[in-house]
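Since the structure comes first, as structure tokens, the remarks are kept for the end.
Nothing in this text is a laboratory measurement; each read-out follows from the coordinates by a stated rule. The model shown is predicted, which means the values in this text are computed figures rather than measured ones. Don't worry about glycine lacking a Cβ; one is built from the backbone with ideal geometry, like all the others, and counts go over all protein chains shown.
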Amino acid sequence: MASKGRLAIIAGGGELPHIGMLEALASGEDPLFLGLIESDFSPRGHESRTIPVHITQVGKILKTIQKEKITRILMLGKVRKDLLFQKLKFDLKALSILAKTINRNDYPIFLAIADEFEAMGVKVISQKIYLQSLLLKEGRYTPKKFSTQELKDIEFGMFYAEKMADLDIGQMVVVSDESVIAVEAVEGTDETIRRGGQYTKKKGDAVVCKSPKAKQDERFDLPTIGIHTFQVMLESGCKTLCIREGETLVVNPKETIEFATKHKLNFCVLGKNGSKVLNGSQKKVTSI
């Protein structure tokens, strides 16, 4: 492992950085957290492996990477999208990177940062490498079989979720009766679900669909769900969640599925061939 050089995890909020850290340690890595101060990141017992950094001070981040002899970067965790619209003091390196982007959407910014790392010989690696346990295979993971209309809404919703992701707008849509009710943008997953539930709560048939791009860059921003996603759905009256096989991360998958089952919410993972394959898998609940 030493021949690969040292790994740094640029860490935002949530569970993913910590899962990545534990998996990296288990594989024999000597990883380091670069914990983003502007997120809700916490070292959680890895203080000796954590260097706090400001997301706005890219020059200092690059110097830290050089000082610590980092050769690979893993980017994990939540960073609020609205930070770009606040009065933050970006350093000159950050401003020069932003100036190179074609717009201020997520992907162009991620790509420009990755190019900066690559230029100094540091590789940004796939988020999947140390998060394989969070990727589920195709199937229905909760007891209730889907009706014909629910299958139509799943297929319809996943089509539009992928299109929104391709446009770099968001990764989620809420649909009902083959109509798009809410589309994710800068407000994020939770508020999108709440908005969708606001218009469909009386019917209680809303389907939440989360999808990557058709050609998702595995280094950045893989779609992610977990128990909290289902908690917001429960509060909002949304009934079904569908994600894409092998492309969406499920934090603590066993506990997440148990929560959905307990509260009679529906959860499925759609394969590449759409709802026809899902329909064929309905004879039994898929296990993890």
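Working from Cα positions, state the angle (0 to 90°, nearest 10) between the long axis of helix 227-236 and the longest principal axis of the chain.
Approximately 50 degrees, to the nearest ten.
Go ahead and collect, in residue order, the members of the stretch 225-253 whose backbone nitrogen is under 15 Å from a label point 7 Å along the Cα-Cβ direction of residue 26.
250-253
How do 199, 141 rank when sorted from fewest to most other Cβ atoms within 10 Å of their own Cβ? If you can, show how the numbers build up before the last one.
On the way: 199 15, 141 22.
Lowest to highest Cβ neighbour count: 199, 141.
How large is ³J(HN,Hα), in whole Hz, for each residue of the stretch 245-260 in order, when computed from phi with the Karplus curve 6.51 cos²θ - 1.76 cosθ + 1.60 and θ = phi - 60°, using x for Gly and Pro?
Taking θ as phi minus 60°, the curve returns 4, x, 10, 10, 7, 10, 6, 6, x, 4, 5, 5, 5, 4, 5, 4 Hz for the stretch 245-260.
If you take Cα extents along the principal axes in Å from the coordinates, which of [x] 47, 39, 32; [y] 58, 39, 31; [z] 67, 41, 34 do you get?
Label of the calculated value: [y].
Filter the GluC sites (Glu not before Pro) in the stretch 18-86 down to the DSSP loop ones having no more than 14 other Cβ atoms within 10 Å, then list what survives. Write out the running numbers ahead of the final one.
Working: sites: 23, 29, 38, 47, 68; in loops: 29, 38, 68.
Here the GluC sites (Glu not before Pro) that fit, given the DSSP loop and packing criteria, are 68.
Counting each DSSP H run of 4 or more residues in the chain as -39500 (n - 2.57), what helix-only mean residue ellipticity at 222 nm follows after dividing by all residues, to the nearest 500 deg cm²/dmol? Working shown, then result.
Details: 9 runs with 101 residues, N = 288.
Taken over the chain, the calculation gives -10500 deg cm²/dmol.
Tell me the Rg and the Dmax, in Å, that the Cα atoms of the stretch 47-173 produce.
Values for the stretch 47-173 (Cα only, Rg and Dmax): 19.2, 58 Å.
Can you put 176, 27 in order, fewest other beta carbons within 10 Å first?
Values: 176 22, 27 12.
With the fewest neighbours first, 176, 27 line up as 27, 176.
How large is the translational diffusion coefficient of the stretch 135-280 in µm² per second when you combine the Kirkwood radius over alpha carbon pairs with Stokes-Einstein at 10 °C and 1.306 mPa s? Write out the running numbers ahead of the final one.
Numbers: Rh = 14.6 Å.
Reported coefficient: 109 µm²/s.
I need the trypsin sites (Lys or Arg not before Pro) found in the stretch 91-140, filtered to DSSP loop residues with at most 14 other beta carbons within 10 Å of theirs. Don't skip to the end; give the middle numbers.
Working: sites: 93, 100, 104, 123, 128, 137, 140; in loops: 104, 128, 137.
Listed in order of number, the matching sites are 104, 137.
What list of ³J(HN,Hα) couplings, whole Hz, do you get for the stretch 119-125 from phi and the Karplus terms 6.51, -1.76, 1.60, once you set θ to phi - 60° and write x for glycine and proline?
Working through the residues one at a time gives 5, 9, x, 10, 8, 8, 9 Hz.
Using +1 on the beta carbon of Lys and Arg, -1 on that of Asp and Glu, and nothing else charged, what's the dipole of the chain about the Cα centre, debye to 20?
Details: 43 positive and 36 negative charges, 65 e Å.
Dipole about the Cα centre, nearest 20: 320 debye.
Mind checking the full-extension length gain between residue 144 and residue 123? Use 0.36 nm per residue of separation minus the Cα-Cα distance, one decimal, nm. Show your work: numbers first, answer last.
On the way: separation 21, 0.36 × 21 = 7.56 nm, distance 4.40 nm.
Additional length available on full extension: 3.2 nm.
Students often forget the sequence filter, so: which lysines lie under 22 Å Cα-Cα from residue 60 once same-chain residues fewer than 8 apart are removed?
List returned: 69, 78, 81, 87, 89, 93, 100, 123.
Putting +1 on Lys and Arg Cβ atoms and -1 on Asp and Glu Cβ atoms, find which of 34, 102, 65 reaches farthest to the positive end of the dipole of the stretch 1-156.
The one lying farthest along the dipole's positive direction is 65.
At q = 0.21 Å⁻¹, what log₁₀ I(q)/I(0) does a Debye calculation on the Cα points of the stretch 136-217 give, no solvent, two decimals?
So the normalised log intensities work out to -0.98.
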